[in-house]
Structures are given as structure tokens and as C-alpha cells.
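Readers should treat all values here as calculations from the given coordinates under stated rules, not as data from a laboratory. Values in this document were obtained by computation on a predicted structure and should not be read as measured data. Here the Cβ positions follow ideal geometry from the backbone for every residue, glycine too, while neighbour counts run over all protein chains shown.
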Amino acid sequence: LIRSHGPYLLHHGARSPTATWLKLTSEDVKEQIYKLARKGLTPSQIGVILRDSHGVAQVHFVTGNKIWRILKYKGLAPDLPEDLYYLIKKAVAVQKHLERNLDAKFCLILIESRIHRLSHYYKTKRVLPPN
């Protein structure tokens with residue numbers, strides 16, 4: 001299929017070529033990912049470090065897999081998905097803020113509903129346990 005809207009046409013399944021100046025191999029990138037994950041970094045933080053320090057624009061183009069999938073194969077993936085984790089963290093911060101400012105209650109309701117929708121999605125995809 002071809003994407004017809006946007007700044008350019010793109011065939012689905014077409015891969016962008018890897019950078020010719022990139023000297024890292026797929027195994028080198030995977031080792032860097034494992035090392036950074038053992039330090040306790042999230043997959044998005046790992047991607048930022050690889051992009052800024054090592055010049056890897058997209059890990060997927062070099063290794064063929066996304067960072068989270070690489071970590072999952074190795075058993076280093078976080079138990080809670082990253083987007084759900086940050087929503088819960090934001091809800092806790094808003095609850096603390098709510099003790100002083102009661103006008104933030106509607107914001108808290110919106111965040112909690114987002115958490116419930118996202119957790120329902122992850123339960124149907126069996127990323128989270130059903131309980």
C-alpha cells in the first residue's frame with residue numbers, strides 16, 4: 001500500500017537505508033542497549049542516548065527490532081509499559097498538587113480515565129495481567 005497523504009509518498013514495508021557512515025554493527029548496538037538497560041534506563045532514554053552519543057538515528061533500521069522488543073528477548077524489559085508508568089507518575093503528582101489546589105480535580109479525573117483506557121488496552125493485548 002502507498003500512503004497518499006503527507007509530504008511524500010511512502011510504500012509500506014519499504015525500509016530506509018542505514019547510514020553509510022555508521023560504523024556500529026547490529027551486535028554493537030544491542031550490547032549498548034543491554035548495558036544501558038542494566039543501568040536502569042527506560043527504552044526512550046536508551047534511544048535518546050544512542051541517537052545523541054553514538055549517532056544511531058533509528059535502532060529499528062540497524063537491528064531490525066525496536067528497543068523494547070530487544071529488551072524483551074533478553075528479559076530486561078520493564079514490567080509496566082513506559083507510557084502507563086508516566087501517566088501513573090503524573091496522577092500521583094496531581095494528587096499531591098490537589099491537596100493545595102482543589103481546582104485541579106478535573107485534570108486528575110482526565111488523567112485517571114486515560115490510565116483506565118490504556119490499562120484496558122494492555123490487558124486485551126496481554127501485556128498486563130487481567131487482575
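Could you check the spin-label model distance between Val48 and Cys107? Points 7 Å from the Cα along Cα→Cβ, value in nm.
According to this spin-label approximation, the distance is 2.1 nm.
Net charge around Tyr122, counting only other residues with Cβ within less than 12 Å of its Cβ (Lys, Arg = +1; Asp, Glu = -1)?
+1
Work out the length of the dipole vector of the stretch 22-78 about its Cα centre, built from +1 on the beta-carbon of each Lys and Arg and -1 on the beta-carbon of each Asp and Glu, and round it to the nearest 20 debye.
In total the dipole reaches around 200 debye.
Compute the signed sum of charges (Lys and Arg +1, Asp and Glu -1) over the other residues within less than 12 Å, Cβ to Cβ, of Ala77.
Neighbour charge sum, excluding Ala77 itself: +2.
Using the structure shown, select from Lys35/Lys105; Lys35/Lys89; Lys96/Lys125; Lys39/Lys90; Lys66/Lys89; Lys23/Lys90 the pairs with a Cα to Cα distance greater than 29 angstrom.
Lys35/Lys105; Lys96/Lys125; Lys23/Lys90
Tally Lys/Arg at +1 and Asp/Glu at -1 over every other residue whose Cβ is under 10 Å from the Cβ of Gln45; what's the total?
Local charge sum for Gln45: 0.
Where does the chain land on Rg(C-alpha)/(2.2 N^0.38 Å)?
Dividing the Cα Rg of the chain by 2.2 N^0.38 Å gives 1.36.
Let me have the 222 nm mean residue ellipticity of the chain computed from DSSP H runs of 4+ only, each contributing -39500 (n - 2.57), with the sum over all residues rounded to the nearest 500.
Taking each H run of at least 4 residues, the total per residue is -18000 deg cm²/dmol.
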